[in-house]
Amino acid sequence: MNTITRQSEFVAASPSMTLNRGQTLETFVKGEEHASAYDSLRSFAESRGTVSGLRPHLAFLHGGPGLGKTHLLQAMAHCYIKTGVAVRIWRGEELVRAYVESGSMEQFTTTHLPHSGKAALLVDGLHHAVVVREFAEGLFSLLGSFIRRQCPVVITARTSPSALAKEHPELLSLCKGGLVVELPTLSFATRLAF
């Protein structure tokens, strides 16, 4: 099952993604380069996506490999679970696989996503999930429905929303007003801290 309901559970969130107990906000090595991003994401997570002045409920983290996107996504999942929010956390490629196996977006949402109550949807590697055009359109609609229900949505990708929007312009309207955070390359000193 893809729903993680208690922090004490170490449950597979999708066939390939497990909530890692060690990847919390407290264990993230932020360094000077990530201090601002870290503070913004912490506020977003602790407020369940209602940071003042932002379109509620959407955080989009982007940056190159090895910069901490997955760690921060996992850390945000821990924050939501602590407050009783059911978390669905997926790798982008697993979302596509589950969608293809379901046969339609309607069947996918019925089978794999919560439809009521407090819920958060976290997608690690959106750039993998948008390779199937039909799925991408449905996914953006799905993300929008979570946002309209005031459920937090957290997305990671290697590229920015504007770069992904070259193929998927609807992504820009989804991200407009949300928290978009770029994780810059880390200094050598920060990398040594790992």
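At a glance:
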{"quantity": "Residue in the range 47-61 that is modelled with pLDDT of 80 or more and surrounded by fewer than 19 Cβ atoms within 10 Å (Cβ to Cβ) present", "calculated": "no"}
{"quantity": "Sole exception among (1) under 24 Å from Leu41 (Cα atoms); (2) surrounded by 20 or more Cβ atoms within 10 Å (Cβ to Cβ) for Phe188, by number", "calculated": "(2)"}
{"quantity": "Selection status of Ala98, under 12 Å from the mean Cα position of the chain (by Cα) and part of a helix (DSSP H, G or I)", "calculated": "no"}
{"quantity": "Which listed residue is of a type in the set (Val, Ile, Thr), touching a Lys or Arg at 6+ places or on another chain (Cβ under 9 Å) and open to solvent by 40 Å² or more (accessible area, probe 1.4 Å), from Thr83, Thr111", "calculated": "Thr83"}
{"quantity": "Condition broken by Arg88, with the remaining ones in (1) part of a loop (DSSP other than H, G, I, E, B); (2) in contact with a Ser or Thr (Cβ under 7 Å, 6 or more places away or on another chain) satisfied", "calculated": "(1)"}
{"quantity": "Residue count for the range 137-166, restricted to those that are surrounded by fewer than 12 Cβ atoms within 10 Å (Cβ to Cβ) and outside any helix (DSSP H, G or I)", "calculated": "1"}
{"quantity": "Top-ranked residue of the range 167-185 - restricted to ones that are in a strand (DSSP E or B) and open to solvent by 50 Å² or more (accessible area, probe 1.4 Å), ranked as farthest from Ile81 (Cα to Cα)", "calculated": "Glu182"}
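The values are calculated or read from the model by the stated rules, or taken from the named source; none is laboratory data. Everything numeric here is computed off the predicted structure, so don't read it as measured data. No Cβ is skipped: glycine too gets one built from the backbone with ideal geometry, and neighbour counts run over all protein chains shown. When the accessible area is computed, the model is the full protein with side chains, heavy atoms only, and any ligands, DNA or RNA have been set aside. Shrake-Rupley method; radii C 1.70, N 1.55, O 1.52, S 1.80 Å.
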